Amino acid sequence: MSGDKSVSEEELKKAFSKVDKEDGKAKKPKKSGKKAPIVFFVIGMVALVAGLSFLIYRLVVGPSAADAEFLINSGEWVEEDEPSVIWKFTEVGKGTLTTDGHQTNYDFIWALENGQLKIETNWLYTISDEFTYSLDQGGKTLTLKNEDKGVEVKFKASEKSE
């Protein structure tokens, strides 16, 4: 029996492991790898819908004005707690303010940088301040905070006065 190949018990177990023990029929191979493409397809569709929604929203709403442009075009900014304090951003980098309802006006220069409003006022002497600002264009409110000095001031835009 030189040409006779003997089969080990382990090889037999492997060969018959594909046969169901109860009914003696071969097991169907599991369907693997078909869930991943479906998951990627669903994620892609969600991303597509979200992207289209943002695009349509931006087209319908239109571009919002840059903060500096909005400050200038909104007219005077009146302090909510002190209505005689009025700031007016006349052009980029320049403006006027009053603390007595326009009896005396003072010039200032300003800049917006990294969420900060930097302002330099020519009063009796030069005053330089820096505020963290938040601008709500829809509500036409400007909130200035200086945490070092513990100051928070809120302004509301009023109609342009010429």
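Please label the shape of region 70-162 as rounded, prolate or oblate, based on the square roots a ≥ b ≥ c of the eigenvalues of the alpha-carbon gyration tensor (a/c under 1.5 means rounded; beyond that, a/b larger than b/c means prolate, else oblate). Because its axes are fairly even, with a/c under 1.5, region 70-162 counts as rounded. Annotation for region 58-162: chymotrypsin sites (Phe, Trp or Tyr not before Pro) lying in DSSP loop with at most 14 further Cβ atoms inside 10 Å of their Cβ are 123, 125.
Between residue 70 and residue 48, the C-beta separation translates, for a Förster distance of 45 Å, into a calculated FRET efficiency of about 0.85. Element breakdown for region 50-162 at a 1.4 angstrom probe: carbon and sulfur atoms account for 51% of the accessible area.
With each label modelled as a point 7 angstrom along the Cα→C-beta vector, the residue 147-residue 116 pair spans 1.3 nm. Counting 0.36 nm for each residue step from residue 123 to residue 81 and taking away their Cα separation leaves a gain of 13.0 nm.
The values are calculated or read from the model by the stated rules, or taken from the named source; none is laboratory data. Computed from a predicted structure; not experimentally measured. All Cβ positions, glycine included, derive from the backbone under ideal geometry; neighbour counts span all protein chains shown. The protein model used for the area step is the full one, side chains on, heavy atoms only, and it has no ligands, DNA or RNA in it. Shrake-Rupley method; radii C 1.70, N 1.55, O 1.52, S 1.80 Å.
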